[in-house]
Each structure stands twice: as C-alpha cells, then as structure tokens.
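The values are calculated or read from the model by the stated rules, or taken from the named source; none is laboratory data. Since the model is a prediction, treat every value here as computed from it, not as a measurement. When we count neighbours, we look across all protein chains shown, and the Cβ atoms used for this are built from the backbone with ideal geometry, even at glycine. Just the protein is used for accessible areas: all its heavy atoms, side chains included, with ligands, DNA and RNA removed. Shrake-Rupley method; radii C 1.70, N 1.55, O 1.52, S 1.80 Å.
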Amino acid sequence: MRNQGQRLMESAIREFIEYLHNVKTTSGNTEVSYLRDLKKMTVWLAEREITQVSQVSSDALEAYISSLEEQQFASSTISRSVASARAFFQYELQEGRIATNPAEKLHPPKIQKKIPEILTIEEVDLLMRQPDMTTAKGMRDKAMLELLYATGMRVSELIHLKVSDLNLSLGYVSCCAYGKNRIIPIGSVCRKALHRYIDKARGSLVQHSDTEELFTNCSGKAMSRQGFWKVLKGYAHEAGIRGDITPHTLRHSFAVHMLQNGADVKSVQEMLGHSDIATTQLYLSMHVNRMRDVYRKAHPRC
C-alpha cells in the first residue's frame, strides 16, 4: 500500500510539472528545480509513512523544512523548496484533491541579498579588446560579448537568438523569454560588431548548415551556455580581470552602468525583463552606494 501511495504522489508531481510546462510556460530550469525539490520532499515524507498527498499536514512540512535547516542547506535552497511545496499543494487544492493547502503557512528563511559583482567601465573596455578580430571565432566572440553587454540579456536568451531576431538597420534585438517578448535597443558599437560577424564570420562557422541560430560553435552547432562561459572566462583571464566573472556579471554591469549614466529604473527593468521592479532597484542601491563612495573620496569636507 505504501508503494502504491508513493506512486500516486509521484504521478501527481509529474502532472504538476506538466501543468507548469504547458499552462504556466515556465522555463526548463524552473521545472527541473521543482521536480528535484518535490522528489526530495516525497522521499522524506515516505520515510515517515506519509505516502499520499491527502496525508501531508502543515506540521509534517514544517518538520521537513526544519530538517533541511538542520542539514545546513543554503537559505536559497530551502526557500526554493518552500516555493516548490507551496506551488505543488496549491495545484492539488485547485484540482480538488485536498481541502486545504498544508504549505500555505510555510515561511522560507530570510535571504541576505548579495550585492552582485560588476565590472568597471574600463574593465569592460579591456574585455572587449581581447578577441582576435582577424579570425571568425574572434569576430563571433566580440559580437557575443558586445551584444550581452549592450542589452543586459541573460546568456540563455543570447544563445537562443535567431538571425531574424536582429534588426540592425533600426538598431534593436527581439528577445523572448518565458513566453514574453521584449525589444531591446542596441548601440552603434554593438551593431558594428554584429555586422562584421554576420558579413565576414558566421558563414564560415555555420558552413553548410541551414541553421537559423545567430551564434554557433566552431562546428556549426548552436552555442551552449557552457561554451559561452568558457569563452568569457578565457578573455577575462587574458584581460587580467580578477574575480569570478560569469555571463551574469555583464548583465549586472549593464544595469549599473545604465543607471550611472542617467537611465531611469523603469526603463532598465523593461530592458532586463524583470517582472518585479524591486529586483531592478537592487542595482539602483548599488549605484547610490558607488556615488556615496565617490563623494566621500572626493569632497573636501568628508
């Protein structure tokens, strides 16, 4: 009976993931994370003879979250587990399989928001000078780096761009993420790098393939996240830039540099694709803190 109950709960979880994918159009990464969290929760509950959704109580879930804290999981991991449980049991409530959501009152631990690492404008300029512009690979890399910094898009968005997503004559790129499309302007430096890549390099990389992907690896296949990460790491090392540089570092740098140069928070939010302006306001606080540091160093009465 216990195994049958477990199978029913696992089936309910699979149905929930399908619901996220088909109805909520969530990202693949989100679905994988929810599935992993819910499987971990199911195993813990089964060890305590709780094998059916209807048997799960708020006390059991509180105990489960406490066990994660005792095992010293990161606050972000525990918070995601809470979110996964809330969403799953809310779906079960919606489907009429349970009378109340036992996860409704679960409270995630408070997460201290880390100030993200950013590059200085000088470091960005140094990074952009690293690709060898006499090679197809160098022209491709230069175009990728310039586009990522020019738009602040996520690396997952960058590597899924099609050639048709670019409008270089009008100076914008169409970016789609999580079922939402946004238009992001691109400046002259980035447009020049893209023109050069498309006119002189892309053909030799794509070779005989008819792929529509904007950026490919040297074998003509779509660029991967790991491939771009290695490209960025290599150039950061060549430029002598210290620290843990990731593709998101360029996204953070884009946001802060835009605010430093007078962009309003709402516009930056739209370009980044943030659903909540509070996320974008983190960059505003970084900008204010930077201005405060400059003021303290430069003002004669500080």
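Would you say Asp199 is loosely packed, with under 14 Cβ neighbours inside 10 Å, without any contact (Cβ under 8 Å) to a residue 24 or more places away in the chain and not in a loop (DSSP other than H, G, I, E, B)? Judged against the criteria, Asp199 is a match.
Can you tell me which residues in the stretch 11-59 are without any contact (Cβ under 8 Å) to a residue 24 or more places away in the chain, open to solvent by less than 80 Å² (accessible area, probe 1.4 Å) and of a type in the set (S, T, N, Q)? Passing the criteria: Ser11, Thr30. When Ser174 is tested against (1) closer than 28 Å to Thr30 by Cα; (2) touching a residue at least 12 places away in the same chain (Cβ under 8 Å), just one condition goes unmet, and that condition is (2).
Quick one: would you say Cys190 is crowded, with 16+ Cβ neighbours inside 10 Å and either touching a residue at least 40 places away in the same chain (Cβ under 8 Å) or not basic (Lys, Arg) (or both)?
On the way: crowded, with 16+ Cβ neighbours inside 10 Å: yes; either touching a residue at least 40 places away in the same chain (Cβ under 8 Å) or not basic (Lys, Arg) (or both): yes.
For Cys190, the condition - crowded, with 16+ Cβ neighbours inside 10 Å and either touching a residue at least 40 places away in the same chain (Cβ under 8 Å) or not basic (Lys, Arg) (or both) - is met.
Among helices (runs of 4 or more DSSP H) entirely within the stretch 69-178, having at least 2 residues that are under 30 Å from Leu45 (Cα atoms) and open to solvent by 70 Å² or more (accessible area, probe 1.4 Å) singles out 75-94. Somewhere in the stretch 62-83, is a residue within 18 Å of Phe16 (Cβ to Cβ) and over 27 Å from the mean Cα position of the chain (by Cα)? Scanning the stretch 62-83, I find at least one residue that is within 18 Å of Phe16 (Cβ to Cβ) and over 27 Å from the mean Cα position of the chain (by Cα), so the answer is yes.
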